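One structure is given here, and the rest of the page talks about it.
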Amino acid sequence: MAGRIYRKFPRTFWIANSMELLERWAWYGMFMVLALYLTGSTDTGALGFSQQQKGWLMGSVVAILYFLPLLTGAIADRFGYKRVLVISYIILASGYYLMGQVHSYALFYIVFLYLAIGAALFKPVISATISKTTDASTSSVGFGIFYMIVNIGAFIGPIVASRLRLISWDMVFTASAIIILLNMVMVLLFYREPARDARTNPIRKEFGIIFRNIWETLSYPRLLIFLLIIVGFWTMYNQLFYTLPVFIDQWVDTSTVYRALASLSPGLAAAVGTKEGTIAAEMMTNLDALYIVIFQVLVSTFVMRYKPLTAMVSGIFVSALGLGLTFLMQNGMFLFVTILIFGLGEMATSPKIFEYLGRVAPAGKTALYMGASYLPMAGGNFLAGLLSGDTYARMSDKVSIAQREASMRGLDIPAISDEFSSNQYLDELARQLDMDASGLTQYLWQTHHPEQIWLVFTGIGLATGLALFLFDKLILKDKSMGSAEIHPEK
């Protein structure tokens with residue numbers, strides 16, 4: 001039975017999935033380590049930006065990336081999928097390469113924004129290709145394969161990037177560029193454009209139609225409230241990329257993980273660890289993608305018995321618990337459990353958001369409602385960036401805390417600059433306090449309690465889950481088919 005379904009997929013379906021795998025490999029290979037690259041000490045080859053600069057750069061640009069597919073889908077329909085894919089790959093390959101070559105904040109922001117435009121051109125084309133190369137009998141399996149492929153790419157990318165950055169940060173970005181060039185070969189040689197609706201309107205008119213549709217969609221109060229609530233989930237979820245790698249790098253002892261692996265297999269520990277006998281932060285956060293690859297089908301099967309809103313509320317609460325525990329612990333071994341808890345909640349929530357919007361959409365407006373799902377993702381990324389910037393800097397950033405400690409004690413330590421890195425600052429503070437690096441970390445942890453940021457992130461998750469629960473119980477009226485309607489005319 002399964003074999004017959006797989007044979008129904010045309011070659012373009014498999015080419016599109018292959019390109020998705022490579023694009024996600026390139027993106028997550030860069031994105032999972034981006035916060036570390038932006039804020040890392042300059043003596044390691046990183047850029048040494050402040051947490052505030054990192055938060056604004058990542059949050060604002062990725063928010064734009066998730067908004068643009070509302071427009072770039074119309075561009076692809078107007079000018080052709082294959083042509084837009086070629087343009088996308090040119091932007092992505094050159095953008096990734098340039099990210100490793102520019103070092104000023106302004107130039108890096110411009111290049112990252114340029115890269116985001118390429119990614120926004122890619123997103124709607126691939127999802128549309130999957131849709132147009134499946135039918136009623138194959139769409140469920142087809143999109144299941146697609147989601148699995150996304151997470152395989154998201155898992156492989158950070159592993160490769162983690163090894164490359166130990167050699168040179170430039171290699172991380174160059175590798176992503178090379179991966180995209182492989183996609184260029186595939187689209188030129190093997191991709192066959194599926195049938196699409198012809199668009200004869202000028203692109204400016206198409207954009208006008210899109211903005212009117214967005215306005216129409218958001219004019220329904222219940223849908224607007226739902227989308228605003230879901231912003232909270234994406235704000236919490238994105239701390240996995242914006243804040244957690246930095247927190248682990250600064251505060252968590254991953255040498256315990258390295259020693260545990262070494263006791264089982266010295267070769268495995270050497271393969272995934274660092275020469276200092278630790279496990280890099282991005283390798284630990286990448287556990288989330290591994291868990292999704294392993295458990296997503298099982299979790300999806302389990303939550304099928306519940307209505308989407310119930311699954312979402314439960315999943316958000318579980319994610320909030322897992323994320324909070326992740327920021328509470330200094331022992332790296334606990335991350336295996338806490339990230340699993342977070343991931344299980346994510347697996348129960350994220351697919352249900354899209355399923356719910358598809359189910360409540362009125363006839364003929366499913367695509368419009370699904371397009372609206374990008375809006376809370378954009379808002380969540382923007383707010384996640386702000387929280388990972390100023391809020392993290394004030395509450396948990398090791399360098400900021402060290403500077404406050406030195407100021408309180410009246411210690412004479414040079415300011416961080418191009419000539420005096422953040423690592424040198426921490427080393428000098430440790431020397432003046434007669435401590436080693438580990439002792440300084442423990443002292444700052446016990447004195448300034450950077451783990452308290454868990455209250456912020458868990459609070460956002462709990463507030464989101466509670467708001468969605470109240471939305472279900474107090475605002476929605478019709479409970480038929482296990483789901484309440486949002487649209488008043490359905």
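How many residues does the stretch 346-372 contain that are modelled with pLDDT of 75 or more and of a type in the set (Phe, Trp, Tyr)? Adding up the residues that qualify gives 2. Put simply, of Ala74, Ala106 the only residue that is over 22 Å from the mean Cα position of the chain (by Cα) and open to solvent by less than 20 Å² (accessible area, probe 1.4 Å) is Ala74. Just one of the listed residues (Lys123, Lys132) is in contact with a helix residue (DSSP H, G or I) (Cβ under 7 Å, 6 or more places away or on another chain) and among the charged types (D, E, K, R), and it is Lys123. Annotation: Ala154 fulfils all but one of (1) out of contact with any Ser or Thr (no Cβ under 8 Å at 6 or more places or on another chain); (2) modelled with pLDDT under 85; the unmet one is (2).
Taking the criterion of being part of a helix (DSSP H, G or I) and either open to solvent by 40 Å² or more (accessible area, probe 1.4 Å) or over 16 Å from Ile159 (Cα atoms) (or both), the residues of the stretch 231-246 that qualify are Val231, Gly232, Phe233, Trp234, Thr235, Met236, Tyr237, Gln239, Tyr242, Leu244, Val246. Annotation note: Cβ proximity below 9 Å between a residue of the stretch 200-225 that is at negative phi and a residue that is among the aromatic types (Phe, Trp, Tyr) (sequence gap 6+ or interchain) occurs for Ile203/Phe79; Thr217/Tyr369; Arg222/Phe471; Leu223/Tyr369; Ile225/Phe471.
Sub-6 Å Cβ pairs linking a first residue in the stretch 118-134 that is of a type in the set (S, T, N, Q) to a second residue that is part of a helix (DSSP H, G or I) and surrounded by fewer than 23 Cβ atoms within 10 Å (Cβ to Cβ), at least 6 apart or interchain, are Thr133/Thr12; Thr133/Phe13; Thr134/Gly142, ordered by first then second residue.
With respect to the conditions (1) open to solvent by 60 Å² or more (accessible area, probe 1.4 Å); (2) of a type in the set (A, V, I, L, M, F, W, C); (3) out of contact with any Phe, Trp or Tyr (no Cβ under 9 Å at 6 or more places or on another chain); (4) under 24 Å from Phe146 (Cβ atoms), Leu264 falls short on a single one, namely (4). Under the condition of being open to solvent by 60 Å² or more (accessible area, probe 1.4 Å), farther than 30 Å from Lys473 by Cα and among the aliphatic types (A, V, I, L, M), the residues counted in the stretch 271-311 number 2.
Figure legend. Inter-residue proximity from the stretch 17-34: first residues within 14 Å of Ile145 (Cα to Cα), second residues aromatic (Phe, Trp, Tyr) and not in a helix (DSSP H, G or I), beta-carbon distance below 8 Å, spacing 6+ or different chains. Indicated pairs: Met19/Tyr191.
Here Met186 clears all of (1) under 30 Å from Phe295 (Cα atoms); (2) touching a residue at least 12 places away in the same chain (Cβ under 8 Å); (3) more than 24 Å from the chain's Cα centre (by Cα) except the condition numbered (1). Kindly indicate whether any position in the stretch 158-169 is open to solvent by 50 Å² or more (accessible area, probe 1.4 Å), without any contact (Cβ under 8 Å) to a residue 60 or more places away in the chain and under 30 Å from Gly40 (Cα atoms). Within the stretch 158-169, one or more residues are open to solvent by 50 Å² or more (accessible area, probe 1.4 Å), without any contact (Cβ under 8 Å) to a residue 60 or more places away in the chain and under 30 Å from Gly40 (Cα atoms). Restricted to the stretch 1-79, the set of helices (runs of 4 or more DSSP H) holding at least 1 residues that are within 22 Å of Ala175 (Cα to Cα) comprises 11-39, 51-67.
Residues of the stretch 401-422 that are within 12 Å of Ser41 (Cβ to Cβ) and either of a type in the set (Val, Ile, Thr) or open to solvent by 60 Å² or more (accessible area, probe 1.4 Å) (or both): Ile416, Asp418.
For the stretch 35-57, enumerate the residues that are open to solvent by 10 Å² or more (accessible area, probe 1.4 Å), of a type in the set (D, E, K, R) and within 20 Å of the chain's Cα centre (by Cα). None - no residue of the stretch 35-57 is open to solvent by 10 Å² or more (accessible area, probe 1.4 Å), of a type in the set (D, E, K, R) and within 20 Å of the chain's Cα centre (by Cα), so the list stays empty.
The values are calculated or read from the model by the stated rules, or taken from the named source; none is laboratory data. None of the values given here were measured: they were computed from a predicted structure. Positions of Cβ are backbone-derived with ideal geometry, glycine not excepted, and every protein chain shown enters the neighbour counts. What goes into the accessible areas is simple: the full protein's heavy atoms, side chains included, and nothing from ligands, DNA or RNA. Shrake-Rupley method; radii C 1.70, N 1.55, O 1.52, S 1.80 Å.
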